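Peer 1: My questions all concern the structure below.
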Amino acid sequence: SKSLSDEENKKLFGKCNNPNGHGHNYKVIVTVRGEIDPVSGMVINLTDLKEYMQEAIMEPLDHKNLDKDVPYFAEVVSTTENVAVFIWENLKKLLPVGTLYKVKVYETDQNIVVYKGEETI
């Protein structure tokens, strides 16, 4: 985080605090919801969903240094939580309104983030 000192970053992010960067092979699961189309039997055409995921996730993020190659992360700390928000926002622009339900991002088998958008109370 640019807003923390080197010592604070080291304490907060541990081994992930590497000045030369580090990599992850994230796994992303997208859940959609809605009415099942009586003709196709699907909430959304899976071919369309794959194309949306390609555009919203793979094109901007795959094999990229998030902090250097993705403009969104120039001002936002590239935690898994913020990666999930980034994916949500990108998918929300492409999917039919109301169909996006959940984005689940695995950084590791034990480090998982689930994001369902901003909830209003």
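Peer 1: Of the numbered conditions (1) modelled with pLDDT of 95 or more; (2) open to solvent by less than 60 Å² (accessible area, probe 1.4 Å); (3) not in a helix (DSSP H, G or I), L4 fails exactly one; give the number of that condition.
Peer 2: Only one criterion in (1) modelled with pLDDT of 95 or more; (2) open to solvent by less than 60 Å² (accessible area, probe 1.4 Å); (3) not in a helix (DSSP H, G or I) is unmet by L4, namely (1).
Peer 1: Which one of these does V39 not meet: (1) modelled with pLDDT of 95 or more; (2) open to solvent by less than 40 Å² (accessible area, probe 1.4 Å); (3) not charged (D, E, K, R)?
Peer 2: (2)
Peer 1: Report those helices (runs of 4 or more DSSP H) wholly inside the range 43-121 carrying at least 3 residues which are open to solvent by less than 30 Å² (accessible area, probe 1.4 Å).
Peer 2: So the answer is 80-94.
Peer 1: At pLDDT below 95, of a type in the set (D, E, K, R) and more than 13 Å from the chain's Cα centre (by Cα): which single residue out of K68, K93 fits that description? Reasoning before the result, please.
Peer 2: Values: K93 fails: at pLDDT below 95.
Unique residue meeting the criteria: K68.
Peer 1: Next question, about the same structure. If I filter the range 23-36 for residues that are under 29 Å from D6 (Cα atoms), surrounded by fewer than 17 Cβ atoms within 10 Å (Cβ to Cβ) and in contact with an Asp or Glu (Cβ under 7 Å, 6 or more places away or on another chain), do I get at least one hit?
Peer 2: There is at least one residue in the range 23-36 that is under 29 Å from D6 (Cα atoms), surrounded by fewer than 17 Cβ atoms within 10 Å (Cβ to Cβ) and in contact with an Asp or Glu (Cβ under 7 Å, 6 or more places away or on another chain).
Peer 1: Same structure, new question: In the range 92-117, which residues are under 15 Å from I36 (Cα atoms) and either among the polar types (S, T, N, Q) or touching a Cys at 6+ places or on another chain (Cβ under 8 Å) (or both)?
Peer 2: Hit for the range 92-117 is T99, nothing else.
Peer 1: While we're on this one: Sort out which residues of the range 102-121 are in contact with a Ser or Thr (Cβ under 6 Å, 6 or more places away or on another chain) and within 11 Å of I29 (Cα to Cα), and write them in order of number. If you could, list the steps in order and put the result at the bottom.
Peer 2: Here is the first cut: in the range 102-121, the ones in contact with a Ser or Thr (Cβ under 6 Å, 6 or more places away or on another chain) are 102, 105, 107, 113.
K102, V105, V113, listed by residue number.
The values are calculated or read from the model by the stated rules, or taken from the named source; none is laboratory data. The structure displayed is predicted, hence computed values, not measured ones. Here the Cβ is made from the backbone with ideal geometry for all residues, glycine too, and neighbour counts use every protein chain on show. For accessibility, only protein heavy atoms count, side chains too; no ligands or nucleic acids. Shrake-Rupley method; radii C 1.70, N 1.55, O 1.52, S 1.80 Å.
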